[in-house]
């Protein structure tokens, strides 16, 4: 009988043998991007994954790097294979992080970027925290014509994909610091929601998360109600939250205030291991997240950390 540990090692070995990585030349960015066309998984639909390596990365060096897992990976890099690199939706991570590294505001880090898939509703059903959505809440969502479907919720498997398949491969293939205190997740909107869920479910794997314009409002705040009894006590994790005041972000503040109370109740200290920021005038757009991306990056990767 094969133990789960042996099975996991076997799966990682299979991935290593079948994935063909292809380096992508940058169009204005710095560092290099490794593109995987179809990263295999037993938990979710295979998808592209891109890995950004900072300038000076040397696989033969003894230097090792923290890792940030960033959701919605198709939006992140100028050197991406995604057509979004030509649109205002791009976050320009491969411009912003190199500048911050050069200025010694953050530690050099690797960014791992699994793409979301374009099928209707799949992104939201992968990113919506699954355990807080009971069957009753799911029916209420469907009655409101939501594209969130109780039977299709798949965020538990998405996180298993990250933790049990993607992370072991990344740690085996690249010069990472695999420890919890050097492993982070980041995202915006629903990507912020799944980043918070990663801390709730895998607080021993992820040392911190940045949740930008977190889309708390679905299911009448059911996620926050669940977090009151399923959030890790302070001491091992660092959390960044933010929101704007325009478009979709205009409705987030009351929900974020509930989350802030949860953070306080669990012993987190504001501006030490937890930050919440309000950005007046900022809307629910990638340009807004790009403009303030340096703030959560410094919180997670600052040279004083």
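Every number in this text was worked out from the coordinates using simple rules, so none of it is lab data. Remember, it's a predicted structure, so these values are computed and weren't measured experimentally. Cβ: placed from backbone, ideal geometry, glycine included. Neighbour counts: every protein chain shown.
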Exercise for review: Please report the relative contact order for the chain, taking Cα pairs under 8 Å with a sequence separation of at least 6, and give it as a percent rounded to a whole number.
Suggested key: 17
Study note, to complete from the structure: Dividing the mean separation of Cα pairs under 8 Å (6+ apart) by the residue count of region 144-238 yields a relative contact order in percent of 24
Practice item. Arrange the following residues from fewest to most other Cβ atoms within 10 Å of their Cβ: 124, 107. Key: 107, 124
Check your understanding: In terms of the ratio Rg/(2.2 N^0.38 Å) built on C-alpha atoms, what value belongs to region 62-112?
Key -> 1.21
Revision key, fill the gap. Rounded to the nearest whole number, the Stokes-Einstein translational diffusion coefficient of region 155-283 at 20 °C and 1.002 mPa s (Kirkwood radius, C-alpha pairs) in µm²/s is 142
Study note, to complete from the structure: Ordered by fewest other Cβ atoms within 10 Å, a rough proxy for footprinting exposure, 272, 106 read 272, 106
**Study point:** Exposure proxy ranking, count of Cβ atoms within 10 Å, fewest first, for 186, 100
**Key:** 100, 186
Point to revise | Distance from region 175-236 to region 253-305 (C-alpha centre basis), Å | key: 12
Practice item. Taking every pair of alpha-carbon atoms in region 149-206, give the share separated by more than 20 Å as a whole percent. Key: 26
**Study point:** Residue-span extension gain [residue 220 to residue 173] - 0.36 nm each, minus C-alpha spacing
**Key:** 12.8 nm
Study note, to complete from the structure: For residue 228 and residue 277, extending 7 Å from Cα along the Cα-Cβ vector and measuring point to point gives, in nm, a value of 3.0
Practice item. Over the Cα atoms of the chain, compute the convex hull volume and normalise it per residue, giving Å³. Key: 142
**Study point:** Relative intensity, log₁₀ I(q)/I(0), of region 75-189 from a Debye sum that treats every alpha carbon as a point, q = 0.10, 0.13 Å⁻¹
**Key:** -0.42, -0.69
**Study point:** Cα centroid separation - region 109-128 against region 55-92, whole Å
**Key:** 15
Review point. Hey, what D do you get for region 259-302 in µm²/s if you plug the Kirkwood alpha-carbon radius into Stokes-Einstein at 37 °C and 0.692 mPa s?
Key: 274
